[in-house]
1. Return the FRET efficiency for the residue pair residue 323, residue 124: r is the Cβ-Cβ distance, R0 is 56 Å, and the value is rounded to the nearest 0.05.
2. If you count only protein heavy atoms and use a 1.4 Å probe, how large is the accessible surface of residue 154, to the nearest 10 Å²?
3. So, taking all protein chains as they sit and a 1.4 Å probe, how much accessible area belongs to residue 77, in Å² rounded to tens?
4. Probe of 1.4 angstrom, ligands and nucleic acids ignored: what's the accessible area per residue over region 84-168, in square angstrom?
5. For region 107-251, compute Rg over Rh where Rg is the Cα radius of gyration and Rh is the Kirkwood radius from the inverse mean 1/r over Cα pairs.
6. Tell me, in nm to one decimal, what length is gained between residue 79 and residue 316 on full extension, where the rule is 0.36 nm per residue of separation less the Cα-Cα distance?
7. Kindly flag which residue pairs out of 119/154; 116/288; 84/244; 116/314 have an alpha-carbon separation exceeding 32 Å in this structure.
8. Please work out how much length the chain gains when fully extended from residue 273 to residue 69, using 0.36 nm per residue of separation minus the C-alpha to C-alpha distance, in nm with one decimal.
Amino acid sequence: MGEDADTRKINHSFLRDHNYVTEADIISTVEFNQTGELLATGDKGGRVVIFQREPECNNEPYCQGEYNVYSTFQSHEPEFDYLKSLEIEEKINKIRWLPQQNAAHFLLSTNDKTIKLWKVSERDKRPEGYNLKDEEGRLKDVSTVTSLQVPVLKPMDLMVEVSPRRVFANAHTYHVNSISVNSDCETYMSADDLRINLWHLAITDRSFNIVDIKPANMEELTEVITAAEFHPHHCHLFVYSSSKGTLRLCDMRAAALCDKHAKLFEEPEDPSNRSFFSEIISSISDVKFSHSGRYLLTRDYLTVKVWDLNMENKPMETYQVHDYLRSKLCSLYENDLVCSSHGKTDSSVSCLQLRQLSSTTPSPDTFGILSKVRKLFPFG
């Protein structure tokens, strides 16, 4: 017991020592699977680390169980686009788990340009007793085989295998910021700054453009797409957010190209509170549907907002997050800590994980927000 405590102290002190952390080790995205048993993290080095939740403590009923490393693999490598003389970094922008259909798990990961489908499976048995192979896997001389035997499966140490299944490339001119799996479990969409594409999971060489906000004259560009998400139950509905702080709900039954939205969610701005930073901090960094599909949860630089799909003119609830930063916006702006390219908000919590909010210990400044949000977003 004492040894475990000492080890934990050593690990914590190691993590606090920034001299051992490189730029490639910085986590860029996180994603829980549907059950919350697995947690996938992507970093700036193009790696994906999957954690598995340990069983809950028997003597502590409120213990959620710790997450330990389950598997690690290199998802993306740095590339260079020679046609555009553009370096494509390996940083993982988004990870999405597919609904589990069998014993294996599948997930999508993407960097700025390329989306990959990965299979994660376990193997705890190995076949033995081949007729034409020896114990080391080498082929036998057929003339030496005098009898036939039935191969058998024998137990072995658990091995987690990760293998690439599909590579979806060459469909985005701009940087991919979102991927979302559809409820039909057959399609998914990917979004960049100006376009959203619809893919079939079995087809890698073509996709369909369903949203295109690129103007004929790029000088007239006033907003960019910041996130996109499918409805959890209706496969024809999806929502995307913009750098202007608006949400657009689209219905793919209306038209092949969803250039006209079905609903527009936008909060009127109070003229008395308008400042130089108003448009910058209103940019939405991520959007999530509730499990029921009735509500939307959005995050901008300083607030978390809950929207009702039946009420477009204002959010149901608005929660202030890191409100103390409001007085420091000028300094943050001068140090490029507010804006990234195209005026998108670089929020400190850009990925709103509903299951993460329910399963981790909240800090004091977010405890009140989480307790209220849970009432609208029931966690599984």
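1. Approximately 0.65, to the nearest 0.05.
2. 90
3. 110
4. Roughly 65 Å² per residue, with all protein chains present.
5. Rg/Rh for region 107-251 comes to 1.26.
6. Additional length available on full extension: 80.9 nm.
7. Over 32 Å apart, Cα to Cα: 116/314.
8. Gain on stretching residue 273 to residue 69: 68.8 nm.
The values are calculated or read from the model by the stated rules, or taken from the named source; none is laboratory data. Fair warning: this is a prediction, and the values are worked out from it, not measured in the lab. Note that we place each Cβ from the backbone using ideal geometry, even for glycine, and neighbour counts take in every protein chain shown. These accessible areas exclude ligands, DNA and RNA; they are computed on the full protein's heavy atoms, side chains included. Shrake-Rupley method; radii C 1.70, N 1.55, O 1.52, S 1.80 Å.
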